[in-house]
Every structure is written in C-alpha cells, then in structure tokens.
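All remarks here apply to the structure that follows.
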Amino acid sequence: MKIIVAIKQVPDRDAPVRIDTAGTWIDESDLQYALNEPDAYALEEALQLKEKHGGEVIALCAGPESVGTTIREALAKGADRAIHIACDDLGARDALGVARLLAAAAKQESPDLILTGLQSEDLGQGQTGVIVAELLGLPHATLILHIEKTDAGIEVKRELEEGWFQNIQLPTPAVLTIQSGGNKLRYATLMGIKRARMKEVKQLTAAELGADGNPVVVLEEIVLPTKKKSTQMLTGTPKEVAAALVEKLRFEVRVL
C-alpha cells in the first residue's frame, strides 16, 4: 500500500501564547514548534499498516523552511520519504487553501490511502482532511481508530458519541482522518534519526501545484479567554445541596 500522511507543524502546546500586534494571530517570534499530535497518530496508523502489508509511507507537509524539523521527525519514526510544499503564507490560507495544496501534491502520487489527524492543535477546525477528499473525489471517513486491509479495500473502526463505535467498509483509494489515542505512539530511535538524513524530501511550491491562495474564510481577530470568577451559594438540606452540586459539575463545569 502507498500511504500519504499529511502532517502539520504547530506551536508546542507548552509554549507561552501571546497575541501579535495585528491581533490576528499569535506572536511566533520565540515559539518552539512540534509535530501536530493528531497527525502523529495518523503517522503511527500508517506505519503499522506498512509493517503488516508492506508498501510505502510518505509524509506530506506544507509550510516554510522551518517545517523541515517536523518532516525529519516523521522520517525518523519510519516514513520512507517526504514531500515538502514550500509555502511561506500557510498561516494566511484557510482550510480550503491548505487542502488545495495537499490535494494537488497527493494527486501526483496516486496513493491507496491519505491519512490526516482529526484536527490541528493550533486551529482545531477538523476540516482539512474532509476537504482533501472532496477535492480529489474520494470516499472518506472521520474519527478513525483502526484500519484493516480487506480484499475489497479497507474496513475501519470509527468512534461515535457516548462510547459507541461503527465499523464500515470503504473502497480504496480513500481519505481518513485519524482519532487520537487509537495507538501508542512510537519514539524515533537513534538509528531512525540517522537514516532520516538520507531519505528523500521532495520540494514543491504552491506555484508549481497551481493552488489558489485566496482565502474564502478570513480570520479577523484573536483574543485571549477572559478569566472570570463567580460564587454561587447552594441552599437546602445536605442531600439537596449535594444533588445540586453534582448537577452543576456535570452540566455546567462538565468535569463529571
């Protein structure tokens, strides 16, 4: 199987977040970056499929030169080669604009599967993978926890609400967005890091792919959450107070 895994470089989750002077994005001047964790689960699923059935895993990443570290991480974990779409304006592109880049690059490879993480940790829109499928005219499914190869294509396990799951069959090629937590993530070994330096990283540009960068959706403003404090007094018998407290924790605070 030839599997493309779309990965994204995002700000490290522990990095301090400050809004830039324009108020339209975060200040990236001193941020540390990392592989988007949901995409790491997509990569792990692809590597396990390759180990079972053979084939090739290709990491696909769009962004500036700095995404090279994330690409090398994917190669060190076991991806066979990578495609880097050089794009300095990735932050100005909406989900459709990013999907156009990924779809155009993936189309050249004619893969059996295209995997993405369920969503990115920086924007969290959960749209890119589904839009890629629509642009390529391929069947797709979301919230995937496990993939099995079959004679007719693939069978996937989807996570639904309230602990329910769904098993469906799809023909290939197909696009799947992978739910986090389905597998245990592997670490890059020292040998893997050494081998990554020798693996192919194909360079493409947005101009070569003919992908339109004009956004349909424009992010106008970003603000930090407002911190609020409030006190509520619960009255009644101990039993009534306990019941009211449980209800508030469950439905308002959502910690139960």
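The values are calculated or read from the model by the stated rules, or taken from the named source; none is laboratory data. A quick note: this is a predicted structure, and the numbers were derived from the prediction, not measured. Heads up, the Cβs are rebuilt from the backbone with ideal geometry, glycines too, and the neighbour counts pull from every protein chain shown.
Which residue is farthest from residue 112 (Cα to Cα), if the candidates are limited to region 25-71 and must be in a helix (DSSP H, G or I) and in contact with a Cys (Cβ under 7 Å, 6 or more places away or on another chain)?
Here the residue is 67.
Can you tell me how many residues in region 94-117 are outside any helix (DSSP H, G or I), crowded, with 22+ Cβ neighbours inside 10 Å and out of contact with any Asp or Glu (no Cβ under 7 Å at 6 or more places or on another chain)?
Residues meeting the conditions: 3.
Quick check on residue 62: is it farther than 19 Å from residue 144 by Cβ and of a type in the set (Gly, Ala, Ser)?
So residue 62 fits the description; yes.
Return the total of residues in region 24-66 being of a type in the set (Asp, Glu) and under 18 Å from residue 126 (Cβ atoms).
The total comes to 3.
For the subset of region 1-25 comprising residues that are farther than 30 Å from residue 153 by Cβ and of a type in the set (Gly, Ala, Ser), which member is nearest to the chain's Cα centre (by Cα)?
Result: 15.
Kindly list, by first and then second residue, each pair from a residue in region 95-121 that is of a type in the set (Lys, Arg) and at pLDDT 95 or above to a residue that is assigned to a loop (DSSP other than H, G, I, E, B) and crowded, with 21+ Cβ neighbours inside 10 Å, limited to pairs with Cβ atoms under 6 Å and residues at least 6 apart or on different chains.
From residues that are of a type in the set (Lys, Arg) and at pLDDT 95 or above, the pairs are 100/211.
Kindly indicate the residue of region 195-250 that is in contact (Cβ under 8 Å) with a residue 60 or more places away in the chain and part of a helix (DSSP H, G or I) and also surrounded by the most Cβ atoms within 10 Å (Cβ to Cβ) among those meeting that condition.
206
Residue 134 - would you say it is free of Cβ contacts under 8 Å to residues at least 40 places away in the same chain, out of contact with any His (no Cβ under 9 Å at 6 or more places or on another chain) and among the charged types (D, E, K, R)?
The answer is no for residue 134.
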